[in-house]
Amino acid sequence: MSFILDNIFIILVALISGAMLAWPSLSRTRGTKGIDVTAATQIVNQQHGVFVDIRSPEEYNQGHIAQARNLPIDQIEARAQTLPKNKPLIVVCANGRQAGRAVAQLQSKGFENVVALQGGLAAWQEAGMPVTTRPARRS
């Protein structure tokens, strides 16, 4: 017990540091299933999954995953019914930070097979996967 009292400051710093290191991983996956680029590609190829890009039309037009549907996050509530409920949906944002919120919104609208692309379009490009600048395909 005297060790703890003598070193309380060091122990607190270690606990706080550990919590700060763990926080990004915990907050990114909280309540949301996320998949990596390889798994996303397999879902699209094997199960005819659909990429749903939730970025703004301007961001989408600067570069997006081929065949992705553009459904900005602020329009999900109004236009979710335009997405197929019988196919897996893979939600894509810029860097993986907003996709979890969109997944939750879609799940509340009755979509059961919906996941977020971990790392978003940035991870897609980092993996060397192609992007296109074809005009937006609206869902």
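The values are calculated or read from the model by the stated rules, or taken from the named source; none is laboratory data. Model, not experiment: these values are computed from the prediction. All Cβ positions, even for glycine, are placed from backbone atoms using ideal geometry, and neighbour counts span all protein chains on display.
Tell me, which residue of the range 26-50 that is in a loop (DSSP other than H, G, I, E, B) and at pLDDT 95 or above is surrounded by the most Cβ atoms within 10 Å (Cβ to Cβ)? Let's see the steps before the verdict.
Step one: filter the range 26-50 for residues in a loop (DSSP other than H, G, I, E, B), giving 30-33, 36, 48-49.
Remaining after also requiring at pLDDT 95 or above: 36, 48-49.
Details: Asp36: 13, His48: 11, Gly49: 22.
Applying the filter and picking the extreme gives Gly49.
Looking at this structure, is Glu59 in the same structural domain as Gly119 (by TED's automatic domain parsing), surrounded by fewer than 13 Cβ atoms within 10 Å (Cβ to Cβ) and either modelled with pLDDT of 85 or more or farther than 14 Å from Gln118 by Cβ (or both)? No: the conditions fail for Glu59.
From the list Pro72, Pro88, the lone residue that is more than 14 Å from Leu117 (Cα to Cα), of a type outside the set (Gly, Ala, Ser), at pLDDT 95 or above and buried (at least 17 other Cβ atoms within 10 Å of the Cβ) is Pro72.
Residues in the range 82-118 that are farther than 17 Å from Val50 by Cβ and touching a Lys or Arg at 6+ places or on another chain (Cβ under 9 Å): Ala94, Gly96, Arg97, Gln98, Gly100, Gln118. Restricting attention to the range 58-82, the residues that are touching a residue at least 12 places away in the same chain (Cβ under 8 Å) and out of contact with any strand residue (DSSP E or B) (no Cβ under 6 Å at 6 or more places or on another chain) total 13.
For the range 112-124, residues that are without any contact (Cβ under 8 Å) to a residue 60 or more places away in the chain and surrounded by fewer than 19 Cβ atoms within 10 Å (Cβ to Cβ) total 3.
With respect to the conditions (1) modelled with pLDDT of 95 or more; (2) outside any helix (DSSP H, G or I), Arg97 falls short on a single one, namely (1).
Each residue in the range 70-79 was checked for being under 19 Å from Ser108 (Cβ atoms) and under 17 Å from the mean Cα position of the chain (by Cα), and 6 of them qualify. Can you say whether Asn61 is over 17 Å from Gln105 (Cβ atoms) and either among the hydrophobic types (A, V, I, L, M, F, W, C) or outside any loop (DSSP other than H, G, I, E, B) (or both), as far as the supplied structure shows? Yes: the conditions hold for Asn61.
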